[in-house]
1. Kindly evaluate Glu65 against the criterion of being within 19 Å of Lys146 (Cα to Cα), modelled with pLDDT of 95 or more and acidic (Asp, Glu).
2. Consider the stretch 150-174. How many of its residues are at pLDDT below 90 and open to solvent by less than 40 Å² (accessible area, probe 1.4 Å)?
3. Let me spell it out: the conditions are (1) aliphatic (A, V, I, L, M); (2) assigned to a helix (DSSP H, G or I); (3) within 14 Å of Thr84 (Cβ to Cβ), and Leu166 meets all of them except one. Which number is the exception?
4. Among the residues of the stretch 12-32, is there at least one that is assigned to a loop (DSSP other than H, G, I, E, B), more than 21 Å from Val55 (Cα to Cα), among the polar types (S, T, N, Q) and touching a residue at least 12 places away in the same chain (Cβ under 8 Å)?
5. For the stretch 2-41, what are the residues that are surrounded by fewer than 24 Cβ atoms within 10 Å (Cβ to Cβ) and at positive phi?
6. How many residues, within the stretch 118-128, are over 15 Å from Met1 (Cβ atoms) and either in contact with a Lys or Arg (Cβ under 7 Å, 6 or more places away or on another chain) or modelled with pLDDT of 95 or more (or both)?
7. Given the conditions (1) assigned to a helix (DSSP H, G or I); (2) modelled with pLDDT of 95 or more; (3) not charged (D, E, K, R), which single one is not true for Val6?
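The values are calculated or read from the model by the stated rules, or taken from the named source; none is laboratory data. Because the structure is predicted, anything quoted here is derived from the model rather than measured. Reconstructed Cβ throughout: ideal geometry from the backbone, glycine too, with neighbour counts over all protein chains shown. Only protein heavy atoms, including side chains, enter the accessible area calculation; ligands, DNA and RNA are left aside. Shrake-Rupley method; radii C 1.70, N 1.55, O 1.52, S 1.80 Å.
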Amino acid sequence: MHVLFVCTGNICRSPTGERLARAYAAEAGVSGFTASSAGTRAMVGHPIEPTAARVLAGLGGDPTEFQARRMTTALASDADLILTMTESQRDKVLAMAPARLKRTFTLREAARLSSLADARTVEDLAAARPRFRAAEPENVMDPMGKEENVFHEIGLEIADLLGPLLSRLRFGER
């Protein structure tokens, strides 16, 4: 399974999701799992924002040797699951790659659907979407320009959403 994480600049939230997912897979001994990230308005070539890097390292992820990249149709086509940080980013991904509708969710949406529907596959997530509509926006706030404690809160939020989701999906294992 390949999971693509998407945010705006690809220097805070999406690399946090990517690197935490990799760490969780390694910790669980999962083989065949990969994760990457991209930004809808990426700061191409930039490393992870320094505060986000510290938070990520504190959560067990590796921020080294990261370079931001821009979201493309090809990246969407290669992903088994696309997790965006906001509904707006989800819409931008789907504008580029409408055929990926059943594989594209906000991180918060996927976590909610996985829990409510006991979804074990990406297909289960897609099937649950019409049955379990969200009452409120399902966004993970952008910490850019905020205090370090906000970066920490966002990092924890991503970790809290991602860990149970990937465990329930069993990292794509059948």
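1. Numbers: within 19 Å of Lys146 (Cα to Cα): no; modelled with pLDDT of 95 or more: yes; acidic (Asp, Glu): yes.
No, not satisfied.
2. 3
3. Among (1) aliphatic (A, V, I, L, M); (2) assigned to a helix (DSSP H, G or I); (3) within 14 Å of Thr84 (Cβ to Cβ), the lone unmet condition for Leu166 is (3).
4. no
5. Matches in the stretch 2-41: Gly29, Gly32.
6. Pass one, the stretch 118-128, residues over 15 Å from Met1 (Cβ atoms): 118, 127-128.
Checking which are either in contact with a Lys or Arg (Cβ under 7 Å, 6 or more places away or on another chain) or modelled with pLDDT of 95 or more (or both) leaves us with 127-128.
Number satisfying all stated conditions: 2.
7. (1)
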